[in-house]
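See below for the structure under consideration.
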Amino acid sequence: MAGGGGKLVFLAPAPISVAAISSRFALYSASIAPHLRGASKRQTLAVAATLTEEAYGISLAKLVKGEDWGPLESFVLNVILIATWGVSCTTGAIVGAGVDAPTAIAGFVCTSLFICLLFSQRLSRGNVVAAGLAAVSVAICKFLGWTNIAVPASVLVGVVTALACDVLAEGRGARDAR
């Protein structure tokens with residue numbers, strides 16, 4: 001019984017961490033709500049309750065641009081992404097039971113997601129350079145055995161690189177305008 005109590009002490013911070021990390025969805029919902037003003041409370045709740053990060057990015061971009069996109073399209077996208085997530089998790093569990101996928105390789109998925117999200121933005125030299133350096137930095141970290149910091153380091157490298165490239169591009173544009 002003492003071992004069980006020790007596990008509870010270890011798990012105590014988990015709900016706090018999960019709540020803190022998941023609070024971003026409250027921010028997503030709050031920021032998309034003004035763009036759904038014409039929708040009913042039920043429609044807005046349906047969109048907010050099924051929101052995923054990917055759907056948030058797509059829906060917000062379409063709503064801000066004033067495209068023909070509303071609560072129904074947002075909700076359908078959310079449901080499709082949730083269903084895809086469920087099928088992917090189930091497939092992974094089935095395949096994973098028979099295939100030994102190294103954790104280091106699976107960990108690259110986060111970096112791959114970052115790169116995919118980056119390329120879903122406007123295509124620019126900065127984004128291409130950021131994606132390349134992010135991939136290289138995660139590979140270097142994994143090679144050196146720094147698996148715990150590989151993903152955060154690659155995201156940091158990618159973001160800083162993209163920002164630096166944008167600043168340099170703006171500087172060049174200002175010089176060219178003179």
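Some observations on this one:
- Residues (over 30 Å from Lys65 (Cα atoms) and modelled with pLDDT under 80) located in the stretch 110-149: Thr147, Asn148
- Filtered by the rule that a residue be of a type outside the set (A, V, I, L, M, F, W, C) and crowded, with 18+ Cβ neighbours inside 10 Å, the stretch 28-38 gives Tyr28, His35.
- Members of the stretch 57-98 that are of a type in the set (D, E, K, R) and either in contact with a Phe, Trp or Tyr (Cβ under 7 Å, 6 or more places away or on another chain) or assigned to a helix (DSSP H, G or I) (or both): Lys62, Lys65, Glu73
- Residues located in the stretch 36-54, provided they are aliphatic (A, V, I, L, M) and free of Cβ contacts under 8 Å to residues at least 12 places away in the same chain: Leu45, Ala49
- Candidate set: the stretch 39-62, residues that are hydroxyl-bearing (Ser, Thr, Tyr) and farther than 12 Å from Ile82 by Cβ; chosen: the one surrounded by the fewest Cβ atoms within 10 Å (Cβ to Cβ): Ser40
The values are calculated or read from the model by the stated rules, or taken from the named source; none is laboratory data. Fair warning: this is a prediction, and the values are worked out from it, not measured in the lab. We place every Cβ from the backbone using ideal geometry, glycine too, and count neighbours over all the protein chains shown.
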